[in-house]
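Asks: Let me give you the structure first, and then I'll get to my questions.
The values are calculated or read from the model by the stated rules, or taken from the named source; none is laboratory data. Everything numeric here is computed off the predicted structure, so don't read it as measured data. Protein only, heavy atoms only, side chains kept; ligands, DNA and RNA dropped before computing areas. Shrake-Rupley method; radii C 1.70, N 1.55, O 1.52, S 1.80 Å.
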Amino acid sequence: MGTRNYADQCCLGPWQNHFIQQNILSIGYQAWQGFSVCGRGLVSCAVDLPTTLVDWRIAVVPYHLQFIPVAQLESCLDPLELDFLTIRDLLPIVCTYQPHQELIVLLAGGGQVEIDWLKNMAIAPQSCYEQVQQRWLEFQVGDTMTWKSG
């Protein structure tokens, strides 16, 4: 059984985990801002994945974040053609998650959709929001991302 080197571990595997790690501050920012304005919901993230292998340590992958309040969730999920059971199971989670400590993110990219419930986060959504506010210019990198609430 061989071992993989560090570069392989950074570049291979599920893109969703790497994407979340690289963008947790902006995802957490969107989650807290959305919760503050609209109440519970989830962060939807459309990722423009390149067709080549991504080195997540250095890559800037364009994405679009949007907070979807629980009241709009079903209609926003319809175009994704998720199965009925997934939506049925998701709604109670979105209605009861702990927004001060957790967030729910829907990642769509490369023809894949994944929904993650991030619990026991190293940095709470409110702290993400505060850090982004303090470092706002760092998060304004042209057209690589857009944020929208509601």
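Asks: From the phi angles alone, apply the Karplus equation (6.51, -1.76, 1.60; θ = phi - 60°) to the range 55-67 and give each ³J(HN,Hα) in whole Hz, x where the residue is Gly or Pro.
Replies: Values, residue by residue: 8, 5, 6, 10, 6, 10, 9, x, 8, 10, 9, 8, 8 Hz.
Asks: Something else now. Convert each backbone phi in the range 120-127 into a coupling constant with the Karplus relation 6.51 cos²θ - 1.76 cosθ + 1.60 (shift: θ = phi - 60°), then list the ³J(HN,Hα) values in order as whole Hz, x for Gly and Pro.
Replies: 6, 5, 5, 9, 5, x, 4, 5
Asks: Same structure, new question: What residues qualify as long-range amide H neighbours of Val61, i.e. H under 5 Å apart, gap of 5 or more or another chain, H built at 1.01 Å from N?
Replies: Those lying under 5 Å, H to H, from Val61: there are none.
Asks: Also: Using a 1.4 Å probe and ignoring any ligands, DNA or RNA, find the accessible area of Cys38 and quote it in Å² to the nearest 10.
Replies: Looks like 60 Å² after rounding.
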